[in-house]
Amino acid sequence: MKKENKKIIILLCLVVLFIGIVISFLFIFLSKKEIKIADIIKNKNEENVEIYDEENKESELKEADLKPVSYNAVIPMYMYHWVREDTGNYEYPEMMAKPSEIKKQFEYLSSNNYDTIFITDIDKIYDYKKPIALTFDDGWADVYNNVFPYAKEYNIKISMYVIIDLIGTPGYCTVDELKEMRDSGLVEIESHTMSHRMLATLSRDEIYKELDESKKYIKDTLGIDTTVICYPSGSFNNTVIEIAKELGYKYGLAMDGGVHYTSKTDNMQMTRIFATRSMSLNTFINYASNARVDVKWE
Ligand SMILES: [Zn+2]
């Protein structure tokens, strides 16, 4: 072999060796880098898990710890009876609100972010900012015919108080109409007793019967556990309240007294605003503007 060929072979060997070393280095370097990248990804995931856990813990703490210690609510609660355009020969036309006025009132509440609430929502009144209650006494068919369509149109919650003995009689809602309204989730149906007699004038046994039987009827027929009693003609006394509480009623509605302040009267003697036929939209709005809830959190 010539000397020059030997040199070339040695040189080639060196080149191969060099390339080998370079490749080995690259391999080691890259694999370390991959480990690092894998570690970074792993760490990131772990960090995320930790953050997620902390967030969860925080929200759990919020739910567990932040409870309302006390609240003061001002709830304008409007009281209606009939809702119809034509008053006919009725002797108290002021008790007959106009459907066209109800529409304006609902439109106003809806476009001004009021919270229309059921009476039973007072349980968690601290969840609301501008609570308004719209209450309809006696269970007139007017509510189904002239109010319910607007409640659906403006997504407004209303409460109605049925006289059990009159359900399905001429002029009053039928059980099917009550069920349809109940199913909409917009209408709360509660007790206005069996016969609409003035409770404060009755014997203990009679009061018990009026409150107990109406509660049972509403449970059996509509599947609703009534906790609201609307006193017929606003008639109640301490005996009525005591019996009502004993039977599981938590709220009692009077007939007058204006805007309801939770700081002034308790839940068994809640006052209401008489929404008369001649009440202007401005008067309605003035009452509504009182609505507020002040909550002290723990
Ligand atoms: Zn009544």
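Computed from the coordinates by the stated procedures, all read-outs in this text should not be read as laboratory data. The shown structure was predicted, so the numbers you read here are calculated from the model rather than taken from an experiment. As a convention, Cβ positions derive from the backbone with ideal geometry for all residues, glycine included, and neighbour counts pool all protein chains shown.
Relative to the Cα centre, what is the charge dipole magnitude of the stretch 71-297, using +1 at the beta carbon of each Lys and Arg, -1 at the beta carbon of each Asp and Glu, and rounding to the nearest 20 debye?
Here the stretch 71-297 has a charge dipole of around 700 debye.
Can you pick out the pairs among K129/K216; K103/K216; K130/K219; K104/K219 whose Cα atoms lie more than 32 Å from each other?
K129/K216; K103/K216; K104/K219
Taking a temperature of 25 °C and a viscosity of 0.890 mPa s, what whole-number D in µm²/s does Stokes-Einstein yield for the stretch 178-252 with Rh from Kirkwood over alpha carbon pairs?
The Stokes-Einstein estimate is 197 µm²/s.
Hand me the GluC sites (Glu not before Pro) from the stretch 62-136 located in a DSSP loop with no more than 14 other Cβ atoms within 10 Å, in residue order please.
For GluC sites (Glu not before Pro) across the stretch 62-136 that sit outside H, G, I, E and B with at most 14 neighbouring Cβ atoms in 10 Å, the list reads E85, E91.
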